[in-house]
């Protein structure tokens, strides 16, 4: 029922950023909760290499320096053992949250704003990734990638308060072998998004589309004489009896979403969907799993 | 006629004809769209056309709105339900309304009644005439039948007048009219009488009976209370109240006000059933009494329930004969100085030069020992006394040598000298006053040391004139009537030369007793024509008993008019001229009799029972309710009603409910035990004074509960739950510590005050907490008003700020601050540490730090109130103070003995 920001000029977006910054602690803590609950140590390279986590003991070879020998393990038997750790190489993951005015909306005051939910999921992901020694970046906002858990505050801040446009998204996510998570409601439709995604596809980056929607956008629970306005308030559409439009609208909505899904699958990308009245944990798990398993190994 | 429904504005009913139009408009107007923000607007663009025909208003809502409009139209047309009565409405109607002060209290009822009769006649098409019975302007006297709207206007714009109806004049007007206007008409007459007879009621009654069928309507006289007279007496005033009828009990309150309507004093009175009169006396110090401007019965809107007082009544003016004072170079030793010191609080003192003929002589003249007056002045003064003046004279060396005949008794030449080096006698003191003396009852033990006096010739009948004697029997004050007046002679000087009398308090008291003897109502004083200037109205008294600025239609009041009742030209109020002021009340000089018994053919009915019912208000209320329903309906239709299952509103409501439960639950458990002496004896209990203020009592109980818990945890004192004490009822003797939150002045009954005194004397401890951090004391300029009021009632010993080494600072903890919710206010204890019977334990502790708040805990042990945080760990320190306090109460000066421990140990070693 509440819509705060209708205009997209500079002062308005500054206000919006301030507004977002105010919510930063709450959103960050929510993200932390999800990240710890959902994924605990489920990320690694599954091979030996430089890292901190124990991987295996192996017999010492002639070229191993004496300092590499694990004397404690070796004392159990006659052979000498060397302690190997798991390889933990880092990769860059771009996290992009749609900050268009449409995202700053919720149908009921007890629901989170779509942009908040998107931010929470992305920050939670960034926490997990940084803990796993990946590098995280917000395209168009971050000056440099964040590495290690120490950078988590900065990245979280950039995700929550940063306002990155679609143009910045396509220009800044250009590193090969990198990964990109796009959290948006994709309400602009396939026609707008297809060129953008094509541009991104050319860089060979691997992408996950996270579709965030409000329950009212899916179910259209409106009745009676209703005047609908766009998020910026500039466009108005009058409905004499809104309930009559429901089925047609719902059909349109799902078609549009399926088009986006199709677009993702054509490129071999992941498509995840989330409704803001649902628990964010499952979709986050899927998100995290798909990054660690499907894409990064 | 039977009961009927009448519309006072029937023309407005025509608006009902517009209802079909309204119905059509309602049909045409669709409900307002709901504005919704909806981001996926793009998806809606294609769907727009299908659903664009708006929903129309449902039938039931249209009906509801129609009903609302009907209710408003009906209400506007002013429907009146007139109950059935026995009058016929097929005759011309004559309405007579008493619009004097006695009707003011019932004026709205009278108005409604008149309107109902007018409406009734309008329906039946009979002519109506309306006359008021007060004396009105000549042009307004015509009696004629006029149109109902005109009459309605007339009664609506009329107000009761602050003087009495003139039934004689009314009767005359009727007589004139009966030949012309009412000629050979059979009239129906309704007389809205105020229930009083001003002399000609009987005559009017008979006359009315002749010209038509008469009905008399009177309001019940239970509330028709009049202040019939008011007089001063020693220590206060007495007010006589009368009411018109006495069929039920009436309890009311009477107030004395000053000129600015500030209430000075009040007193409740009760008129029992069948009791018509009561005398109420209000005790007032003279200084306050002097400020009274009016006495008023609370809640009665009538000029008769107000009695105005003028300056002459309250504050006598005293003239001092001007003289060439011998002591003018030493003003502080002059007689004038002592006299003014004594009289200034109670009277206006002015200097009078008798040789100036223009000077008006006040009610009281004082003649100090100024020596001989000029011939003419002396003659004038003698005349003044003869005419009713009051002359107070003081003796002195000059009077002792040259006597005149303006003394109450003959004097011996030469003064009498007592207690001088060569004299035989000691200075004399006052003897007891005899019971016929006006000074009877004053304390005669004051030392006045009369060293010199003038002596009266001992002649037969001397003792009749003596008001005060010395112990040897010689007169000190004598008095005698002279003509209409009186002379009082003090046989000593008004200065301290001859005696210490002018230095003593009894001098003031004596003069205070003398002043009322001289004060007489202005009207009595002026009957002999001494009042030369006419008076002008300063403030007019309205019929409702309120003082207003005059409207300027009044004449100046001359002497001849003073003794007549108030009228439209000379209304009640405060009149004045530069010299004096005069209060005229509506009852002055008015011969008021009960209403004559009516003949059987006349109906006498109570005004209240015939009251017609106007229900426009109810219709408006209905329309308003319908409006609310309509708004709700619109919200439902528009889908704006909040989702109750899961919305903020339901959350808010739930929060509120939970909150209420918590608050309610909180207030319950910390309830103190009710007072039972045995329970207090069985277990130590802290006690607090129940103030009657729920919030404070709750905090006191919670505070002592908190303190009890701390005691239980930290010390061997294990108190049970605290008790609330009602000072008026409960036995204090079993209580060891009594906490008293004193936030406003209290008035204790004598019994309660005595009990507290006994409690303090017998080892109890009273902890008084003004709970304001000392703010009230500061704003009142030093002493808390509540404490001040209390100290008048109980014996508060001398108190002092707590000394640094007081036992209270080390009875359990070592503390040097005594914070509660606040920390800054000083703590006061009894000053005399050795003197009391309690081995130096202070029986009284006074502070302002609101300790109860700092100690208070809920049932769950949560602290209830925040502390000001002026000092570190304020809460803990406040608890420590509480524990020290209880230890001090229970163990007394035990800790104080420990200062001797080193000495004792040393002795043991030896």
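Nothing in this text is a laboratory measurement; each read-out follows from the coordinates by a stated rule. What you are looking at is a predicted structure, and each value in this text was computed from that prediction instead of being measured. Don't worry about glycine lacking a Cβ; one is built from the backbone with ideal geometry, like all the others, and counts go over all protein chains shown.
Annotation for residue B:624 and residue A:62: the two label points, set 7 Å from Cα along the Cα-Cβ direction, are 10.7 nm apart.
Taking every DSSP bridge with both residues inside the stretch B:758-872, close to 60 percent are antiparallel. Fewest-first ordering of A:33, B:801 by other beta carbons within 10 Å of each residue's beta carbon gives B:801, A:33. With each label modelled as a point 7 angstrom along the Cα→C-beta vector, the residue B:279-residue B:248 pair spans 2.9 nm.
By the count of neighbouring beta-carbon atoms within 10 Å, fewest first, A:184, B:374, B:791 end up ordered B:374, B:791, A:184. If I model the stretch A:47-161 as equal point scatterers sitting on the Cα atoms and use the Debye formula, what is log10 I(q)/I(0) at q = 0.11, 0.12, 0.13 Å⁻¹? Treating every Cα as an identical point scatterer, log10 I(q)/I(0) equals -0.55, -0.60, -0.64.
Scattering from the stretch A:106-198 was approximated by placing one identical point on each alpha carbon and applying the Debye formula without solvent; log10 I(q)/I(0) at 0.19 1/Å stands at -0.96. Computed from the Cβ-Cβ distance with R0 of 30 Å, the FRET efficiency linking residue B:870 to residue B:720 stands at 0.35. In the frame of its principal axes, the stretch B:155-246 has Cα extents of 64, 29, 23 Å, reported largest first. Residue by residue along A:243-252, Cβ atoms of other protein chains within 10 Å of the local Cβ number 4 on average.
Report the residues of the stretch B:237-259 in range of a label on residue B:220: point 7 Å along Cα→C-beta, backbone N strictly under 20 Å from it. From the stretch B:237-259, the list is B:242-253.
Convex hull volume of the Cα atoms of the stretch B:353-463, normalised per residue: 144 Å³. Distance between the modelled labels on residue B:733 and residue B:356, one decimal in nanometres: 6.9 nm (7 Å Cα→Cβ projection). Going from the residue with the fewest nearby Cβ atoms within 10 Å to the one with the most, B:680, B:21 rank B:21, B:680. Its residue count N sets the reference 2.2 N^0.38 Å, and the alpha-carbon radius of gyration of the stretch A:200-297 equals 1.38 times that reference. Note on the stretch B:454-504: Cα-only Rg and Dmax are 11.8, 33 Å.
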